[in-house]
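**Student:** If you scroll down you'll find the structure; I have some questions about it.
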Amino acid sequence: MFRRYWNPEMEAGNLEAIRALEEERLRQQLAWVMERSAFYREKFKGLDPSSFRLSDLSSLPMTTKQEIRASQEAHPPLGGHACVGWDKISRIHASSGTTGKPTIVGATERDREMWKDLVARCMWAMGCRPDQRAWVPLTFGWWIAGISFFEGLQHLGAAVLPSGNQEPARTLAVLQETGADFAISTPSFIMYLARMAADMGIDPKSFGLKNIGLGGEPGAGLPDVRRQIQDAWGAKVYDCMGTADFCTVIWSECECQDGMHFFGQGYIIPEILDPATGKVLDPKKGVAGELLYTAIYRECTPLIRFRIGDVVEVIGDGQCDCGRFGPRIRCIGRTDDMLIVQGVNVYPSAVADVVSSFRPRTTGEICIFADGSGPNVTPPVRIQAEYEPDAGDPDALKRELEQAIRQKLIFRANIELVPKGTLGAQGGMKRKLVVRPQTTPKT
């Protein structure tokens, strides 16, 4: 209970030993997919896994979400990259489908054991311990997060409160009786619950939360958003991230909160790709690019050099004060959410951070309206922003917001102020920051 790491050998052990283990597991994974996956036999034709080295990884072609969707349409339901039959499959999940048709993810019993261990590593780093009450206000449906967090926290030894995202009023009533030490959710939903508690006359701080892990969308890593959530709950907020295709959480902050650590040692190999050149970048401080993952300990639906779509920046390298090694990152956004305004790359999370900096005059909730299906947007970019009832002169606030966006993000915006409660999540797990012509805007 008092040790610093969940898995000391993997999180802060001998780097050469970890590298040797990962190289052996990479060979085993490649042999597995070459034997069992029609998709990868074709993609890696002529590959000899027995002599493959970690340094050879960048020579393999990448795998895209579009390829996986096409493969699942041609070979339903799991696709040509699936390596086991129904007799070995323990559970099925589906991705959220925020970037298109959901993809189906399968897991064997060993895959699930791996998920439990990886979740436990991250939860431990974010302060959860076996003697604590761990609250999981997340959907327990098709999305991988809820049930995987539930199992991982049980594996860690915590007393789990699996409230899900249904009956929030009942959940808050139960929490008044039980209290909670740790929570894992999304920024949108945890703030929705804070507002609901306040409307019921309950101070969210009264539940006793000490630490909150938040992922699934931008927010916890943005200073003003983080501060808002911490102020509401009286708890320390940790940023974390993962993906349905590999594990619901792979990166998370430690107590030092100097960027998110990678916790997938022995299970997943990450790379950072320059989207413009396709070159793999050395993960040194200041480097930014798109994440690629390679599974090295996966049975059912392993993916090799899979483009995740998350764009990250390395904000630290070397040894952290917590004793862990390796790059520490923050998530900038997603490649499919990025907008280009007269040659300037704009991520919705950066806009949200600027608007959040105007609290308490704004709530921090925004909606960006793109004028086409592609990334290019013509300025001034229409942005809705929620304001508080006591925000003062709305015309002055509009001018100040537009000026701040112009100065900090180098593009012209047309701010449309909307009342508090217009854009905030109303019980959903994630909020949609960009609205395109084919979608119906929330007004």
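Just so you know, all these numbers are worked out from the coordinates, no wet-lab data involved. Worth saying up front: this structure is predicted, and the values here are computed from it rather than measured. With ideal geometry, Cβ positions are generated from the backbone for all residues, glycine too; neighbour counts draw on all protein chains shown.
**Student:** Which of ASP258, ASP390, ASP274 moves the most in a Gaussian network model of the chain with Cα springs under 10 Å?
**Tutor:** Most flexible of the set in this elastic network: ASP390.
**Student:** Now for a separate question. In terms of the Cα gyration tensor, with a ≥ b ≥ c the square roots of its eigenvalues, is segment 5-157 rounded because a/c is under 1.5, prolate because a/b exceeds b/c, or oblate?
**Tutor:** Oblate, since a/c reaches 1.5 and b/c is not below a/b.
**Student:** Scan around ARG91 for amide H atoms under 5 Å from its own, H built in the peptide plane at 1.01 Å from N, and keep only partners 5 or more places away or cross-chain.
**Tutor:** Amide H to amide H, under 5 Å and 5 or more residues apart or across chains, ARG91 pairs with ALA107.
**Student:** Work out, step by step, the length gained on full extension between ASP371 and SER51: first 0.36 nm times the residue separation, then minus their alpha carbon distance; give nm to one decimal.
**Tutor:** 110.2 nm
**Student:** State which entries of LYS116/LYS205; LYS398/LYS420; LYS65/LYS432; LYS65/LYS279; LYS101/LYS432 exceed 23 angstrom in Cα-Cα distance in the structure shown.
**Tutor:** From LYS116/LYS205; LYS398/LYS420; LYS65/LYS432; LYS65/LYS279; LYS101/LYS432, over 23 Å: LYS116/LYS205.
**Student:** Once you place label points 7 Å from the Cα toward the Cβ at ARG399 and GLU9, how far apart are they in nm?
**Tutor:** 6.6
**Student:** Just how many % of Cα pairs in segment 1-87 lie over 18 Å apart, if you round to the nearest whole percent?
**Tutor:** So the pairs more than 18 Å apart make up 57 percent of the total in segment 1-87.
**Student:** Considering only DSSP beta bridges with both partners in the chain, what is the antiparallel share in %, to the nearest 5?
**Tutor:** Just about 60 percent of them are antiparallel.
**Student:** Which aspartates and glutamates have a Cα lying under 17 Å from the Cα of LYS285, excluding residues fewer than 8 positions away in the same chain?
**Tutor:** Candidates past the 8-residue exclusion: GLU253, ASP258, GLU271, ASP274, GLU313, ASP317, ASP321.
**Student:** Report P(r) for the chain: all Cα-Cα distances, bin width 20 Å, range 0 to the bin holding the largest distance, values in whole percent.
**Tutor:** Over the chain, the share of Cα pairs per 20 Å bin runs 25, 57, 18, 0 percent.
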